[in-house]
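Bear in mind that the values in this text are calculations on the coordinates, not laboratory data. For clarity, every value in this text was computed on a predicted model and none was experimentally measured. Cβ: placed from backbone, ideal geometry, glycine included. Neighbour counts: every protein chain shown.
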Amino acid sequence: MDSLGASRMKTLCIAAVLAALLACPLAAEEWYIVQKSDTLWSISRKFGLKVEDIRRQNGLKGDHIQVGQRLRVPSVSGQKSAPKPQQTGVNQSAGTIRHTVVSGESLWSISRRYGVSIENVQRDNALKKDTIYKGQVLLVRGASRQSNTASAVTTADRKFLWPIHGTVVEKFGVQQKGIINGITIAAKKEAEVRAAASGVVTYTGPLRGYGQVVIIRHDGLYYSVYANLSQVWAEEGNTINARSPVGKAGFVQSAGCYGVHFQLYRQSSAVNPLSYLAG
């Protein structure tokens with residue numbers, strides 16, 4: 001690829017990351033219009049939620065809904081309804097893999113990776129709850145994407161440093177308030193936020209739902225995002241070293257505390273930062 005082609009590719013990746021951020025602001029929500037034959041249970045399956053979460057978000061005391069009713073649900077536009085149950089069995093076949101859970105993963109992130117529904121993973125592994133643990137082996141049937149042998153986080157990928165010292169108060173994935181494409185780390189007001197790895201600052205400025213933001217490109221493959229900053233020190237276009245200050249922690253409204261909202265993208269896809277942070 002020539003230099004012009006490489007430059008265009010970088011521009012496209014940056015644009016894709018910005019588009020992903022704008023398409024899924026923190027605590028994003030959307031309205032779902034109840035259709036004929038819908039039930040709270042079928043809607044919860046469609047969006048990968050729990051029935052009680054939909055009740056709570058809409059102030060419902062029971063399960064009664066009616067056609068045309070507007071329900072508030074986390075923003076997961078384009079997510080398809082759960083596929084029909086697969087045939088069960090014990091032999092691994094085409095489209096069936098065994099996934100070993102790594103730190104920071106959830107049933108939601110695993111289901112998204114392989115293009116299957118959460119309830120199918122739960123059923124095929126006799127899971128009564130959403131809780132899984134590191135090292136657990138899960139059977140994933142009907143996988144339409146790469147197995148974890150091809151896409152799992154390797155030791156070489158765990159090269160990112162924590163951007164700030166603090167407690168994770170918002171986790172990656174589907175949460176009660178919506179889809180979270182990163183983690184929020186609580187910290188002292190105006191504490192220094194530092195680059196998680198060396199790279200080039202590709203964007204600084206405000207973004208809807210994220211306040212003041214800094215985006216850094218790392219090795220042309222990864223992008224790190226530092227949001228809700230009270231001050232920005234990094235300058236767009238400059239090369240920055242790991243641990244160099246990018247700005248100061250601000251107030252993260254979705255978490256109700258001071259800190260930084262941190263996201264990590266592999267190419268243009270959001271990944272769980274907790275699977276990549278090494279120290």
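Quick notes
- Label sites at ALA278 and ALA126, each approximated as a point 7 angstrom past Cα along Cα to Cβ, lie 4.0 nm apart.
- In the stretch 182-222, the inverse of the mean reciprocal separation of distinct Cα atoms equals 12.0 Å; this is its Kirkwood hydrodynamic radius.
- Point-to-point label distance, LEU207-GLN267, nm (Cα→Cβ direction, 7 Å offset): 1.9 nm
- Highest average packing first - 199-210, 262-273, 130-141, Cβ atoms within 10 Å: 262-273, 199-210, 130-141
- Potential lengthening between ASN238 and GLU52 on full extension [0.36 nm per residue; Cα-Cα distance subtracted]: 62.2 nm
- Label-point separation, ARG70 to LYS134 (7 Å along Cα→Cβ), nm: 4.4 nm
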